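Asks: Quick one: the structure is below, questions incoming.
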Amino acid sequence: TSGSCGPSIATEIVFETFEGTDLPTIHDWRLRECDYGELNGKPAAQVHRAVKDLEEAYPRGESWVMAMERVSRLVDDLALRWDGQRLLVIGHIATLWGLAHRIDAVPLADIRSVSDPWREGWELRLP
């Protein structure tokens with residue numbers, strides 16, 4: 001949405017930030033924001049008015065549930081490769097909601113409360 005950086009800018013910032021460190025940096029497509037379809041790049045207010053609930057897909061895009069399911073599929077891969085290690089995951093609200101739903105079993109009916117109030121950083125632990 002307008003007023004936020006796109007995925008290529010966000011990815012570039014992450015790679016530049018960790019350049020020269022021994023920390024592995026991995027770009028995973030499943031961490032992208034909800035696909036707003038025809039509304040990509042439109043003002044946030046217009047985008048947020050376009051759908052009534054989490055299961056309704058944006059025109060030619062995905063629903064919040066679809067985005068959370070996409071993020072959720074990442075969890076199994078994280079556990080396989082990084083078991084027992086601390087990870088920094090950088091993503092958008094769909095990333096936070098997807099991880100909170102999968103890892104902390106936050107019900108869909110309560111998922112919006114996960115990011116209210118907003119803060120810089122959440123800590124989630126894989127089971």
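Asks: Show me the ranking of peptides 95-103, 113-121 by mean Cβ neighbours inside 10 Å, starting with the highest.
Replies: 95-103, 113-121
Asks: May I ask you to list the GluC sites (Glu not before Pro) in the range 1-87 that are in a DSSP loop and have at most 12 other Cβ atoms within 10 Å of their Cβ?
Replies: Answer in residue order: Glu19, Glu55, Glu56.
Asks: About the Cα centre, and with charges only on the beta carbon of Lys, Arg (+1) and Asp, Glu (-1), how big is the dipole of the chain? Nearest 20 debye, please.
Replies: My answer is approximately 240 debye.
Asks: Considering the range 65-127, what Rg and Dmax in Å follow from its alpha-carbon atoms?
Replies: 11.3, 32
Asks: What percent does the relative contact order of the chain come to when contacts are Cα pairs within less than 8 Å and at least six residues apart?
Replies: In percent, rounded to a whole number, it is 23.
Asks: Projected area of the range 32-87, taken from the Cα convex hull and averaged over every viewing direction, in nm²?
Replies: Averaged projected area of the range 32-87's Cα convex hull equals 4.8 nm².
Asks: Next up: Would you work out which of Leu31, Thr21, Pro59 lies farthest towards the positive end of the dipole of the range 10-65, given +1 charges on the beta-carbon of Lys and Arg and -1 on that of Asp and Glu, about the Cα centre?
Replies: Of the options given, the answer is Pro59.
Asks: Put +1 on the Cβ of each Lys and Arg and -1 on the Cβ of each Asp and Glu in the range 46-127; which of Met68, His101, Ile90 then has its Cα farthest toward the positive end of the dipole?
Replies: Farthest towards the positive end: Ile90.
Asks: For the range 18-127, what is the convex hull volume of its Cα atoms per residue in Å³?
Replies: In the range 18-127, the Cα convex hull volume per residue is 124 Å³.
Asks: At 1.4 Å probe size, with the rest of the protein present, what percent of the exposed accessible area of the chain is carbon and sulfur atoms?
Replies: That fraction is 52 percent.
The values are calculated or read from the model by the stated rules, or taken from the named source; none is laboratory data. Everything numeric here is computed off the predicted structure, so don't read it as measured data. Reconstructed Cβ throughout: ideal geometry from the backbone, glycine too, with neighbour counts over all protein chains shown. Side chains included, ligands, DNA and RNA excluded: accessible areas come from the protein's heavy atoms. Shrake-Rupley method; radii C 1.70, N 1.55, O 1.52, S 1.80 Å.
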